[in-house]
1. With respect to the numbered conditions (1) within 16 Å of the ligand (Cβ to nearest atom); (2) buried (at least 21 other Cβ atoms within 10 Å of the Cβ), which one is the sole condition not fulfilled by residue 34?
2. Can you tell me which residues in the stretch 239-256 are away from the ligand (no atom under 16 Å from the Cβ) and small (Gly, Ala, Ser)?
3. Using beta carbons and a limit of 6 Å, which pairs, at least six apart or on different chains, have the first residue in the stretch 240-255 and closer than 17 Å to residue 289 by Cβ and the second one more than 16 Å from the ligand (Cβ to nearest atom) and not in a helix (DSSP H, G or I)?
4. If we scan the stretch 276-286, do we find a residue that is closer than 29 Å to residue 355 by Cα, crowded, with 17+ Cβ neighbours inside 10 Å and of a type in the set (Val, Ile, Thr)?
5. Does any residue of the stretch 428-445 turn out to be of a type in the set (S, T, N, Q), at pLDDT below 95, away from the ligand (no atom under 16 Å from the Cβ) and over 23 Å from residue 7 (Cα atoms)?
6. Of the residues 77, 17, only one is modelled with pLDDT of 95 or more, on the phi < 0 side of the Ramachandran plot and part of a loop (DSSP other than H, G, I, E, B); which?
7. When the stretch 139-167 is examined, which residues are found to be part of a helix (DSSP H, G or I), within 16 Å of the ligand (Cβ to nearest atom) and either touching a residue at least 60 places away in the same chain (Cβ under 8 Å) or surrounded by 19 or more Cβ atoms within 10 Å (Cβ to Cβ) (or both)?
8. Only one of 6, 57, 25 is β-branched (Val, Ile, Thr) and in contact with a helix residue (DSSP H, G or I) (Cβ under 9 Å, 6 or more places away or on another chain). Can you tell me which?
Amino acid sequence: MTANKIAPLNTADGQALYKKAQKLIPGGTQLLSKRPEMFAPGVWPPYYNKAKGAEVIDLDGNKLIDMSICGVGATVLGYADADVDRAVKTAIDAGSMATLNCYEEVDLADLLVEVHPWADMARFSRSGGEAMAIAVRIARARTDRQVIAFCGYHGWHDWYLSANLADDGTLDGHLLPGLKPRGVPQELKGMMQPFHYNDAKSLKKIATKHHEKLAAIVMEPARNAPAPGFLSAVRQIADETGAVLIFDEITAGFRLATGGIHLTLGIEPDIAVFAKALGNGYPVSAIIGRERVMSTAQDTFISSTAWTERIGPTAAIATIRKHRKEGVPDHLVRIGKRVMSGWAKAAKGAGIEIEVSGIPPLAQFAFKAPSTDNVRTLFTQLMLDRGYLAKNTFYAMYAHTDAHIDGYNAACAETFEIIASALRSNKVEGLLRGPGAHRSFQRLT
Ligand SMILES: Cc1ncc(COP(=O)(O)O)c(C=O)c1O
């Protein structure tokens, strides 16, 4: 039994506003991953009115349970978490901005260094991409070198997008196929050297070729399980070349541990970068690291007014404290595992082949069927009709309950049956109420 009555979702008000937005805002929205085209064009509700726990009320008044990317991974505790919001409201009442600094940034630095004993210092910013740009600047300043060996996605800034100057297919396996580096200075060409996750040899090749020029190795420590010995080989290459090892924990952090996923893997970087879950959705990001590396931030210029407001660090402190006190990672893993086995069971029952991957709190599946974009879109459309925001990726939140998962798994079983039957009769496209979804990020990390 599914939790909700089954009916095509009416999102007319939302669709009308999104049409207007596309004329006023290039791209319609600020984040590629939040474009309705990434889910089910013309069907997916583009806007929300209210979000609480795991529930969202869209602009048309539809009440939906979020079993998708849940604030794009930012709201690890759940929407409008009462404890984080209470702390934030207190901070607002006390004045969120002043000429003087907010003391909370010192408390947050203290807390992050306590959680990551290898680190000595922290800087703060407000988004993931800018925090990565800061980390790379520090690494380049520290080493007086310019080449970056990288793997995976790390934001929109010039240092990263310059990877596609040499060949605009460089990022295909790391981010989106065909990203154009228009507007990025040609002079950055050749600075970015891609390697593949779980392939230490490809990194070693870069290290050998660029030994004296390698400023940093930039990667997510894990999105799937690292192969035995891979991360220690990366650490060794960083040590041998003198490159700064930067772990991007923007999405992987706060899923398997309170703090970086690297805490569970036994490898220490020189810098780790956090955003998203750090503030449970309030804008805050952190660059933490060893003193010998972080102190170089003083030898270059890294400074911004918005990084000094009070809400970000206040939210981060409240999030970390609750995360640690309530053992949030255990819940995320248990919920994620239930979802992953729900997909596998639903697929088996319907006779569909899927591939399930990721760590349980950041899980995904891929349909192994022809016309996969349309199949994925049909899944989203059918789940919307049953009251769920869903795609082939699920980011677990502390607010997800077993009752949510029971209903969701039952709805998946139903929709997989419908998809199987549509595939057999070649009717997938005919069932869609809009075009197929655009391709999402393809991560190899
Ligand atoms: C691993 C990783 N790095 C960097 C970013 C960029 O962070 P933001 O969107 O906050 O700029 C993301 C966002 O998805 C990410 O997953």
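The values are calculated or read from the model by the stated rules, or taken from the named source; none is laboratory data. Model, not experiment: these values are computed from the prediction. FYI the Cβ positions are ideal-geometry reconstructions off the backbone, even for glycines, and counts take in every protein chain you see.
1. Of (1) within 16 Å of the ligand (Cβ to nearest atom); (2) buried (at least 21 other Cβ atoms within 10 Å of the Cβ), only one is false for residue 34: (2).
2. First pass over the stretch 239-256, keeping only residues away from the ligand (no atom under 16 Å from the Cβ): 239-244.
Scanning the stretch 239-256 gives 242, 243.
3. Final answer for the pair search is 243/214; 244/270; 245/270.
4. Here is the first cut: in the stretch 276-286, the ones closer than 29 Å to residue 355 by Cα are 276-277.
With the extra rule that they be crowded, with 17+ Cβ neighbours inside 10 Å, the set shrinks to 276-277.
Remaining after also requiring of a type in the set (Val, Ile, Thr): none.
No, because not a single residue in the stretch 276-286 is closer than 29 Å to residue 355 by Cα, crowded, with 17+ Cβ neighbours inside 10 Å and of a type in the set (Val, Ile, Thr).
5. In the first step, residues of the stretch 428-445 are kept if they are of a type in the set (S, T, N, Q); the result is 440, 442, 445.
Narrowing the set further to residues that are at pLDDT below 95 leaves 440, 442, 445.
Subsequent filtering for residues that are away from the ligand (no atom under 16 Å from the Cβ) retains none.
For the stretch 428-445, residues of a type in the set (S, T, N, Q), at pLDDT below 95, away from the ligand (no atom under 16 Å from the Cβ) and over 23 Å from residue 7 (Cα atoms): absent.
6. 77
7. 139, 159, 160, 161, 163
8. Working: 57 fails: in contact with a helix residue (DSSP H, G or I) (Cβ under 9 Å, 6 or more places away or on another chain); 25 fails: in contact with a helix residue (DSSP H, G or I) (Cβ under 9 Å, 6 or more places away or on another chain).
When all the criteria are applied, what remains is 6.
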